[in-house]
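The values are calculated or read from the model by the stated rules, or taken from the named source; none is laboratory data. Computed from a predicted structure; not experimentally measured. Positions of Cβ are backbone-derived with ideal geometry, glycine not excepted, and every protein chain shown enters the neighbour counts.
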Amino acid sequence: MNETVVQIQANIQWQVMQTPANHYVGVCHPMNLSMEADSLDQLHSIINETLQLLFEDLLHDNELEAYLREHGWHANNIPIGHVPGDVKFEVPWEMIMSTSGDSMRRSHQQAA
């Protein structure tokens, strides 16, 4: 079976903070999501998995296009009608590290 690749056109930012217990918390305000992990690599992986699952659910519930419009985002190659079993979403996102002085620095730009 062929994989269908849906390219999301968005600029999704995750604000990332390190907790006193040395865990990492990522917050994406536009999507109303937050994640916690033991390392930045693990957080990176969790964000990728979460975005994939979220967009798959939206696609299967026939709500993807409305969700994208609501956020001012677009997508290329959205399957119409019967949804194939193997859909991959390429989602551009980046981590923005928050430091103790509330200054931010960019880290890990990624397309899921």
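Starting from the range 3-20, take each residue that is touching a residue at least 12 places away in the same chain (Cβ under 8 Å) and list its partners that are hydroxyl-bearing (Ser, Thr, Tyr) and surrounded by fewer than 18 Cβ atoms within 10 Å (Cβ to Cβ), counting only C-beta distances under 6 angstrom and pairs at least six apart or across chains.
Gln15/Ser98; Met17/Ser98
Can you work out which of the residues in the range 1-33 that are modelled with pLDDT under 95 and among the hydroxyl-bearing types (Ser, Thr, Tyr) is farthest from His74 (Cα to Cα)?
Thr19
Let's see how each residue does on (1) modelled with pLDDT of 95 or more; (2) surrounded by 13 or more Cβ atoms within 10 Å (Cβ to Cβ); (3) of a type outside the set (Ser, Thr, Tyr); (4) under 13 Å from Ile8 (Cβ atoms):
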{"site": "Met35", "(1), (2), (3), (4)": "yes, yes, yes, no"}
{"site": "Asp41", "(1), (2), (3), (4)": "yes, no, yes, no"}
{"site": "Leu54", "(1), (2), (3), (4)": "yes, yes, yes, yes"}
{"site": "Val87", "(1), (2), (3), (4)": "no, yes, yes, yes"}
